[in-house]
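Following: one structure in structure tokens, then a few remarks.
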Amino acid sequence: MLLDRMVNLLSRGCVVPVVKYIKQCWLRGDTDISLIRYFVTEVNTCLHILLLLVVGVLVVVVVVVSECQQGGHVPALNA
């Protein structure tokens, strides 16, 4: 549960403190390596999801810009 909170803090911009804490846990050897591995796996999963979201947004932007350049009609986005 603590490592899930660390992943949450990492996603909210507290990268350096979280990585330092995880490194300290690893160096002290008082944390089971499977927990460190779990943390790394969770971070990796979050990064893949973020990458997919960014790629999706970029695809939408490219399509809209392409339509604008070709003089096509771009429907308004309803918020």
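The values are calculated or read from the model by the stated rules, or taken from the named source; none is laboratory data. The structure displayed is predicted, hence computed values, not measured ones. Cβ coordinates were reconstructed from backbone atoms using ideal geometry, including for glycine residues, and neighbour counts include every protein chain displayed.
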How many residues does the range 38-63 hold that are farther than 16 Å from M1 by Cβ and not aliphatic (A, V, I, L, M)? 5
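Restricting to the range 22-31, name every residue that is within 12 Å of L3 (Cα to Cα) and over 19 Å from the mean Cα position of the chain (by Cα). It would help to see each step written out before you state the result.
Looking only at the range 22-31, we keep the residues that are within 12 Å of L3 (Cα to Cα), and these are 22, 25, 31.
Passing the criteria: C25, T31.
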Go through L50, L10, L3 for me and flag whichever is in contact with a Phe, Trp or Tyr (Cβ under 8 Å, 6 or more places away or on another chain) and at pLDDT below 85. L3
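Looking at the range 28-35, can you tell me whether even one residue there is at pLDDT 85 or above and at positive phi?
yes
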